[in-house]
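Let me begin by presenting the structure, written as structure tokens, before commenting on it.
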Amino acid sequence: MSDFLQSIIPIPQPDFAEEFEVYQTTYEFYREVEERQDLETYCEWYYQVSQEHQQDFAKMQDELNIMSWFYRGKR
């Protein structure tokens, strides 16, 4: 039995600093990807809303301004 224990080669301990560095780099990469996707989604939404507001404003320019009848004499 003692020969058996002497013939076992110990497994080298993992380098925790290196493993943590790989984990941290991977985490930061995926976080960056997520942030860029969120930004792209927000920009697409903002562009769409901006286009809708511009269309609404163009329609309002062509409409009759009833409120000007009420405020005409007060200025």
Does the range 10-45 hold any residues that are open to solvent by 100 Å² or more (accessible area, probe 1.4 Å), at pLDDT below 90 and among the aliphatic types (A, V, I, L, M), and which are they? ILE11
Among (1) exposed (fewer than 10 other Cβ atoms within 10 Å of the Cβ); (2) at pLDDT 95 or above; (3) hydroxyl-bearing (Ser, Thr, Tyr), which single condition is SER7 missing? (2)
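The values are calculated or read from the model by the stated rules, or taken from the named source; none is laboratory data. The shown structure was predicted, so the numbers you read here are calculated from the model rather than taken from an experiment. Here Cβ is always computed from backbone atoms with ideal geometry, including for glycine, and neighbour counts include all displayed protein chains. Calculation scope for accessible area: heavy atoms of the full protein, side chains included, ligands and nucleic acids excluded. Shrake-Rupley method; radii C 1.70, N 1.55, O 1.52, S 1.80 Å.
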